[in-house]
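These notes concern the structure reproduced below.
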Amino acid sequence: MLDASIMKTVSHQLPKNDAFLDAFWHLSSTDDGKRIASSALIIQHCYGSGDSEVNQDDAEYAMKRLMRGICGGKSGARQGFAGTLASFLQARLSHTDPANVLSDAEYVHKKLMEHTSVDGDMGMSKGDERDAAFGRLFGILAVVRSNTLQHIIEHHYKDDGDEGNNQSVVQLLQNYMVDLIKLFNYKKWMQDAAAFAICEVL
């Protein structure tokens, strides 16, 4: 049995809104309407509308759940979580201070790599490895479709701009390309999907 103090700490860290928590389960639904409604609820809960104050703690929790969810093998799960992650990252971008957009994008990449790790040495089954690989692919596509990378290229890379900042932009883009090339070389059955994703980035 868990110590009472540990239970209290865990309980304190979890979001308190039941509808918000339930929405993550519904992202795996085969019902398109239920997935769409749940996606909207998650984003509304974290980012509100217009100039609403961001619920930072729940937004961080949501990003972690979404990144883990795209590695799920359940029918409909990857589609629901990936679509929501793209919209979530788009909302995140619009609520991030322009001066922090690049560093936040680097943080998102770091977290995506952590939550979609494909490492057979960690005792993962072949099925789990496959799910993680597709999760990473869908996660990168979610980043692309959130327009985060396009926004950074347009607003943070300048021919006459700060050289260090430009190098950071290039490094971020290279990191995503390297990730996709690794997926392309991972398994033969991943090549077509990874090639499509590479084209999307380009």
Stretch gain in nm, segment V170-S52, where the contour uses 0.36 nm per residue and the Cα spacing is subtracted | 39.2 nm
If you place +1 on the Cβ of every Lys and Arg, -1 on the Cβ of every Asp and Glu, and leave all else neutral, what size is the dipole of the chain about its Cα centre, to the nearest 20 Debye?
-> 860 debye
Å² of accessible area per residue within the chain, as computed with a 1.4 Å probe and no ligands counted = 57 Å²
Value of [θ]222 nm, deg cm²/dmol, for the chain, DSSP H segments ≥ 4, -39500 (n - 2.57) each, nearest 500 | -23500 deg cm²/dmol
Among the lysines in the chain, how many pairs, 8 or more places apart or on different chains, have alpha carbons under 14 Å apart?
-> 4
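Averaged across orientations, what area in nm² does the convex hull of the alpha carbons in the chain project?
Values: hull surface 55.4 nm².
That works out to 13.8 nm².
Rounded to the nearest 20 Debye, what is the dipole magnitude of the stretch 84-202 about its Cα centre when Lys and Arg each give +1 and Asp and Glu each give -1 at the C-beta? Working shown, then result.
Working: 11 positive and 17 negative charges, 105 e Å.
Magnitude of the dipole: close to 500 debye.
Dipole size in debye (nearest 20) for the stretch 45-84 around its Cα centre, Lys and Arg Cβ +1, Asp and Glu Cβ -1? Please list the in-between numbers first.
Values: 5 positive and 5 negative charges, 100 e Å.
The calculated dipole for the stretch 45-84 is roughly 480 debye.
Percent of accessible area on the chain owned by carbon and sulfur, 1.4 Å probe? Before the final figure, lay out each step's value.
Details: 5950 of 11570 Å².
With neighbouring chains kept in place, the figure for the chain is 51 percent.
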For D131, what accessible area in Å² do you get when you roll a 1.4 Å probe over the heavy atoms of the protein chains, rounding to the nearest 10?
-> 30 Å²
Full extension from K110 to L21: what is 0.36 nm times the residue separation minus their Cα-Cα distance, to one decimal in nm?
-> 29.6 nm
Taking trypsin sites (Lys or Arg not before Pro) as exposed when in a DSSP loop with at most 15 other Cβ atoms inside 10 Å, the chain has its longest clean stretch at 75-157
By accessible area of protein heavy atoms, probe 1.4 Å, what ranking do M124, M190 get, highest first?
-> M124, M190
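The values are calculated or read from the model by the stated rules, or taken from the named source; none is laboratory data. Quantities reported herein were computed from a predicted structural model and do not represent experimental measurements. Here Cβ is always computed from backbone atoms with ideal geometry, including for glycine, and neighbour counts include all displayed protein chains. Calculation scope for accessible area: heavy atoms of the full protein, side chains included, ligands and nucleic acids excluded. Shrake-Rupley method; radii C 1.70, N 1.55, O 1.52, S 1.80 Å.
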